[in-house]
1. GNM, the chain, Cα, under 10 Å: largest mean-square fluctuation among SER33, SER59, SER169?
2. Just to check, using Stokes-Einstein with a Kirkwood Rh over alpha carbon pairs, what's the diffusion coefficient of segment 86-175 at 10 °C and 1.306 mPa s in µm²/s?
3. Of the residues LYS230, LYS192, LYS125, which exhibits the maximal mean-square fluctuation in a Gaussian network model of the chain defined by a 10 Å Cα contact cut-off?
4. Distance between the C-alpha centers of segment 59-91 and segment 161-208? Whole Å please.
5. I need to check one value: relative contact order of the chain, counting alpha carbon pairs closer than 8 Å and at least 6 residues apart, in percent.
6. Residue separation times 0.36 nm, minus the C-alpha to C-alpha distance between SER210 and LYS267: what's the value?
7. Roughly what would the spin-label model give for THR18 and ASN75, points 7 Å off Cα along C-beta, in nm?
8. Please compute the modelled spin-label separation between PHE88 and PHE136, points set 7 Å along Cα→Cβ, answer in nm with one decimal.
Amino acid sequence: MVDRTIHNIDDILSRINTHPEYSSRVRIEIVRSIRDEATRHSYAIEKENGKEYNSDHISPKAYQERTRQVVAQLNNASDYIGRYGLNFSTLAALGNLVEPEGHTYRDFRRVEVVIGTVQPPATEKVPYLMKNLANFLENTTFHPILRAIQTHIEITRIHPYEDGNGRVSRLVQNFCLQEKNYPATIITPTEKELYFTLLRNTLRDRMESSSSLEKPSTHEQAFQQYIVTKVLESTKHLEQELLKRRMYQVTLEGTKLEQGLIIQIAKQLKGFGKSTPCEHFEVRIKKNQEKEGILDVMGDISQENLLNLIHNGLKKKYKIDVTVDVKDNL
């Protein structure tokens, strides 16, 4: 099941990577928005799980400020490993970057901690275990999605920081995905009970040495499938947004090309947008000093269909040359 879902994800990404009408600029914007949403929810599920500030005891303004601060810290941490790479040294710094109040130094924890009913490894073992994780990240031949999931599990299991371990585990998992061109996973507060149950069961099996990445237990397979499904959801969302935000420049040239005709064609295209379930369909007339008309079009329509739509709407008496060019930005 996990392998089939991963194969489905790779098929969609292959289509995205080779589609001639998808905007690379729009892709960057969508991937960033998915990451930002994942970051906001990552803090929210910890807060609602009792590990963070309770909004009932602080004003809405203070809660919003705290959320803004935490999201900024997570984004700064992501940018940090983006600049310096994901390695032993940067992993050591993440606890302080993500939760400077709860982990005041840029190194692994110096105290013993407890995760619910599961006891993490002793403090003196943490650097060795994190070194192993860094080596895994550098040398593994596992699929990038499984590599990301393994990092999520291991950071949570080792619990290398005094505070912010959950946020770091999700942050690094999403960084691992994005550095291999997969979109981030979004885990919302409505799913927190399922997420934490699957994760706790996986950690328990790992602690009892009854599960590993090579031979995952039934519990770990369920956790893998959950995360892989989240990647699939983000990948489908990415493609849907790219479809809706395809961009074209339509150039109209002809001896009898008048402003009224250009406006008529623009209205016709706008009518198409209203008559179809296009969430995004925009048409703008571009000012031009030459003897041609230029329209900027964005929406869920192919280059071929757009060209046919214009030609079908033109009366035969108009001898107009129409060119439709795919644009990366309008």
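1. Comparing SER33, SER59, SER169 in the GNM, the peak value goes to SER59.
2. Roughly 122 µm²/s, to the nearest whole number.
3. Answer for the Gaussian network model of the chain: LYS125.
4. Measuring centre to centre over Cα atoms gives 16 Å.
5. Answer for the chain is 21 percent.
6. Full extension from SER210 to LYS267 adds 14.0 nm.
7. Label-label distance for THR18 and ASN75, simple model: 3.6 nm.
8. 1.6
Read-outs throughout are calculated quantities, based only on the coordinates presented, and are distinct from any laboratory measurement. Predicted, not measured: the structure shown is a model, and the values here were computed from it. So basically every Cβ, Gly included, is an ideal-geometry build from the backbone, and we count neighbours across all protein chains shown.
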